[in-house]
Amino acid sequence: MLERLVSRDESALAELYDEHSTAVFTISLRILGGEKEAEAVLLETFRCIWKDPTRLSSSGEVAPQLVRNARDLAVARLRERSLSAAPANTDAENLRQASNLGVVSSAHDSDTRNPLNLLDPARRRLLEMAYLRGYSVSDLSRELGMPVKDVRTGIHDGMAELRLGLPGADGTAK
């Protein structure tokens with residue numbers, strides 16, 4: 001696929017879009033909360049790949065790379081938005097917003113619908129705030145009153161736990 005993109009094969013971009021646009025749009029929508037902004041991130045993600053296909057590593061799966069790129073673009077938009085907003089949201093407000101977007105699942109959601117439910121609440125909260133709300137490690141440290149080292153460890157351990165709970169985490173095909 002990468003070779004075809006580098007050689008400017010438009011059908012390769014179309015295939016990539018068809019296979020991965022839903023995942024890219026979904027993560028963007030969860031982070032930003034609005035379809036219009038999520039669509040803009042979706043288009044920007046694939047525009048960036050078309051402009052520079054070498055952004056995709058040939059040594060790994062394409063889907064995680066695209067989702068990571070979209071997440072980074074969405075978080076950048078979220079940060080831009082929060083810089084222009086009046087007062088910063090409190091932790092409680094961010095969690096309420098995440099809950100409204102379906103990021104924080106309610107108690108009746110099954111573990112299979114939301115892998116984040118597999119995590120202990122403290123780690124889940126760190127991951128949601130860091131990856132889905134755009135908090136930096138220093139922001140989390142300040143907001144939660146935790147040392148930076150503990151925030152980093154919590155995020156690292158939460159990601160490791162999450163990986164183990166997902167299909168294919170043992171190195172098998174998904």
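What follows is calculated from the coordinates using simple rules that are stated; it is not laboratory data. This structure is a prediction, so every number in the text was calculated from the model and none was measured. Neighbour counts are summed over all protein chains in view; Cβ atoms, including those assigned to glycine, are modelled from backbone coordinates with ideal geometry.
If R0 is 41 Å, the Cβ-Cβ spacing of residue 152 and residue 8 corresponds to a FRET efficiency of close to 0.50.
Each residue of the stretch 74-79 is assigned a 3J(HN,Hα), and the resulting list reads 5, 5, 4, 5, 4, 5 Hz, derived from the Karplus form 6.51 cos²θ - 1.76 cosθ + 1.60 (θ = phi - 60°), x at Gly and Pro.
Answer rounded, prolate or oblate for the stretch 1-40, using the Cα gyration tensor with square roots of eigenvalues a ≥ b ≥ c: rounded when a/c is under 1.5, else prolate when a/b is larger than b/c, else oblate. Since a/c reaches 1.5 and a/b is larger than b/c, the shape of the stretch 1-40 is classed as prolate.
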